Each structure stands twice: as C-alpha cells, then as structure tokens.
Amino acid sequence: DGFVPEGGGLDPDEDVPALSELDPDLVAAVREAAGAALEEDGIEVLVTSGWRSERYQRFLLESAVGVYGSEEEAARWVASPEDSSHVTGAAVDVGRTDAAYWFAQHGARFGLCQTYANEVWHYELAVDPGGTCPVPKEDASAG
C-alpha cells in the first residue's frame, strides 16, 4: 500500500513499493538531490511518504477527517485518492525538517518543487532541472 512507518522514513535508495512505484524520473531526482544534500551540507534525507495505493490514500483521508473535524479542513492536508499525486506516483514527502527546507532551497536544481505552501515536505517534478519552480498552491484543497 506504500505505508511508511510514522516517526521514521526510508533511505531514498531502498527498494520498497513507496519508492519503486514512484515515477522513475521522480525517484531518480530525489536520489540525486538526497546525495547532494548529504555531500554538500551533511543533511540526511529520508522519504516519509511516496507512492500510495488508492485504499491507503482513502484511509489517510478518512483519518484526517477525524483529526481535523471536517472533510473541508482535512482536504487542506490530504487529497482524495482521485486527486492525490501520491497515488499516481508523482509525489514524495521528505523528512527531517532540515531536509525538507534543503529541498525547498535547492530542489529546483533537480526539477523538484514544493507543491503546497502549507507542506514544506511535499515535492513533485514540476520543472526541468535548473528551472524556476512555480509558486506553491495554498494547500492540497487548491487542486
């Protein structure tokens, strides 16, 4: 289902569905960026989420409704299975905080852009390597 245990994360080189089911260009860019983060700044990048099955995405959305109290508020943080770029293998979440901010600052070198302003950890291939990232959408409910 693409499950990654909370509080942990995956080395970007691991061979598990959360990574192996991602778009090959995306996972290659994440691995290259992770290598650069470590080499240039000593920052270890972990993948906290990648590809997710529709079933797992639905579970996450239903759980978010319980946490945030409404479907509208939950949709700001968790997309539906029909709209989630995690389900299509086009998105990755990175952690630790320093790694997420490193991606925000340097990700465009690899074509990786922060998609949502409220999720510094969520990245997608949005530009050619070295391009300029678009302004992030306000949140996941922005489509």
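The values are calculated or read from the model by the stated rules, or taken from the named source; none is laboratory data. Keep in mind that this is a model prediction, so the values were computed, not measured. Heads up, the Cβs are rebuilt from the backbone with ideal geometry, glycines too, and the neighbour counts pull from every protein chain shown. Ligands, DNA and RNA are excluded from the accessible area calculation, which covers all protein heavy atoms including side chains. Shrake-Rupley method; radii C 1.70, N 1.55, O 1.52, S 1.80 Å.
Listed values, structure above:
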| quantity | calculated |
| --- | --- |
| Residue 52 long-range amide H proximity, modeled H, under 5 Å | 87, 89 |
| The range 80-143: Rg to Rh, with Rh as the Kirkwood radius over Cα pairs | 0.95 |
| Exposure rank, largest accessible area first [132, 115; 1.4 Å] | 132, 115 |
| Within the range 74-143: Cβ-based charge dipole about Cα centre, in debye rounded to nearest 20 (Lys, Arg +1; Asp, Glu -1) | 180 debye |
| For the range 79-114 and the range 117-143, distance of Cα centres in Å | 7 Å |
| For residue 139, distant residues with modelled amide H under 5 Å away | 117 |
| Residues with amide H under 5 Å from that of residue 46, placed H, sequence gap 5 or more | 95, 96 |
| Nearest-20 debye value, the chain charge dipole, Cβ charges on Lys, Arg, Asp, Glu | 180 debye |
| Loop sites in the range 76-143: GluC sites (Glu not before Pro), DSSP, at most 15 other Cβ within 10 Å | 82, 138 |
| Computed lengthening from residue 132 to residue 41, 0.36 nm per intervening residue step minus Cα-Cα distance | 30.6 nm |
| Ratio of the Cα radius of gyration of the range 29-143 to 2.2 N^0.38 Å, where N counts its residues | 1.07 |
| Positive-end extreme of charge dipole, the range 22-143 - chosen from 51, 122, 102 (charges on Cβ) | 51 |
| Separation of the residue 54 and residue 96 label points, Cα + 7 Å toward Cβ, nm | 3.8 nm |
| Protein accessible area in the chain, 1.4 Å probe - carbon and sulfur % | 50 percent |
